[in-house]
Amino acid sequence: AQSVTQLDSHVSVSEGTPVLLRCNYSSSYSPSLFWYVQHPNKGLQLLLKYTSAATLVKGINGFEAEFKKSETSFHLTKPSAHMSDAAEYFCVVTPPHTGTASKLTFGTGTRLQVTL
Amino acid sequence: KAGVTQTPRYLIKTRGQQVTLSCSPISGHRSVSWYQQTPGQGLQFLFEYFSETQRNKGNFPGRFSGRQFSNSRSEMNVSTLELGDSALYLCASSLGGTGQETQYFGPGTRLLVL
């Protein structure tokens, strides 16, 4: 069984300050992990993914995440927030080598607000 | 390369009616998955199609059905609509549908049931 917990439903930061969106997972095996972003009235866009290669994963738009097995965490960070980063972010977990997409488990989402 | 497209983008229906949503995957992608997104339940997996066959199904009633055509385009149908079916329906495509692959999402179809 697997699950993912996004620890904050809402995060507010000022433009130019760091962003931290927290995600903890539970899995019986070493999972694959993803972060997706959803802007209003849009579909989900992949930010980055971890699939058992380097533990520090760099994604698009300056985001990165670090896989920490000992803490079962995959937190998303960005050094400096931009107004365009305001969106909802989803952490997703899936077991490795699964042959089907249906094993994706989505977190409940974190809404990021960026203020001037 | 064109992204995943979904039609229509918005729909308003009344209870008891049925609805058909369409999804065109990225060219070359053979796996199409459907998700329902609501404020209360979040993102929930509906079903996945691969090479015209339903490979997996989520925990939704039989009113929800789908199919995939030989060109990988997919449709989902909801019969006897209920108020609770109001949601954003997202489809996603990937090459072969394995868990490690990136799924590319369409913009969604927003369904409102009155």
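The values are calculated or read from the model by the stated rules, or taken from the named source; none is laboratory data. Owing to the predicted nature of the structure, the values given are computational and were not obtained by experimental measurement. Glycine also receives a Cβ, built like all others from the backbone with ideal geometry; neighbour counts cover every protein chain displayed. Calculation scope for accessible area: heavy atoms of the full protein, side chains included, ligands and nucleic acids excluded. Shrake-Rupley method; radii C 1.70, N 1.55, O 1.52, S 1.80 Å.
Points to keep in mind about this one:
- Rolling a 1.4 Å probe across all protein chains gives A:Thr72 an accessible area of roughly 50 Å².
- Segment B:Asn71-B:Leu112, length gained on full extension (0.36 nm per residue, minus Cα span): 11.9 nm
- Shown are A:Ser70, B:Ser79, A:Ser9, whose ranking by accessible area with a 1.4 Å probe and every protein chain present, most to least, is A:Ser70, A:Ser9, B:Ser79.
- Whole-number accessible area per residue in Å² for the protein assembly as shown, which is evaluated in the context of all protein chains at 1.4 Å: 46
- 27 Å Cα cut-off, lysine pairs counted over the protein assembly as shown (separation 8 or more, or different chains): 25
- Per-residue average of Cβ from other chains inside 10 Å of A:38-45: 6
- Given +1 at the Cβ of Lys and Arg, -1 at the Cβ of Asp and Glu and no other charges, the dipole of the range A:1-99 around its Cα centre is 240 debye to the nearest 20.
- The heavy atoms of A:Thr55 present about 70 square angstrom of accessible area, all protein chains included, probe 1.4 Å.
- For the chain pair B and A, buried accessible area totals roughly 1800 Å², probe 1.4 Å, rounded to the nearest 100.
- When all protein chains stay in place and ligands, DNA and RNA are ignored, the 1.4 Å accessible-area order of B:Ile26, B:Ile12, largest first, is B:Ile12, B:Ile26.
- Peptide-level mean, for B:41-48, of C-beta atoms on other protein chains within 10 Å: 4
- Note on A:Thr108: accessible area is roughly 110 Å² with a 1.4 Å probe, heavy atoms of protein only.
- B:Thr14-B:Ser51 FRET efficiency (beta carbon distance; Förster radius 25 Å; 0.05 resolution): 0.10
- Modelled this way, with points 7 Å down the Cα-to-C-beta line, the labels at A:Met83 and B:Thr38 are 3.6 nm from one another.
- Contact with the other protein chains removes 40 Å² or more of accessible area, compared with the isolated chain and a 1.4 Å probe, from these residues of the range B:64-110: B:Gly99, B:Gln100, B:Thr102, B:Gln103, B:Phe105.
- All distinct Cα pairs of chain A go into the 1/r average, and the inverse of that average, the Kirkwood radius, is 14.2 Å.
- Largest to smallest accessible area among B:Met76, A:Met83 [probe 1.4 Å]: A:Met83, B:Met76
- Charge sum, other residues only, whose C-beta stays under 12 Å from A:Tyr25's C-beta, Lys/Arg counted +1 and Asp/Glu -1: +2
- Descending semi-axes in whole angstrom, ellipsoid equivalent of chain B, from the Cα gyration tensor: 23, 14, 13
- The protein assembly as shown, Cα convex hull volume normalised per residue, Å³: 122
- Put a dot 7 Å past the Cα of B:Leu83, heading toward its Cβ, do the same for A:Ser70, and the two dots end up 5.2 nm apart.
- Antiparallel content of DSSP bridges confined to the protein assembly as shown, in %, to 5: 90
- For A:105-113, mean number of other protein chain Cβ atoms within 10 Å: 2
- Carbon plus sulfur fraction of accessible area for the protein assembly as shown, probe 1.4 Å, in percent: 51
- Short-range pairs are left out: with C-alpha atoms under 8 Å and at least six residues apart, the relative contact order of chain A is 37 percent.
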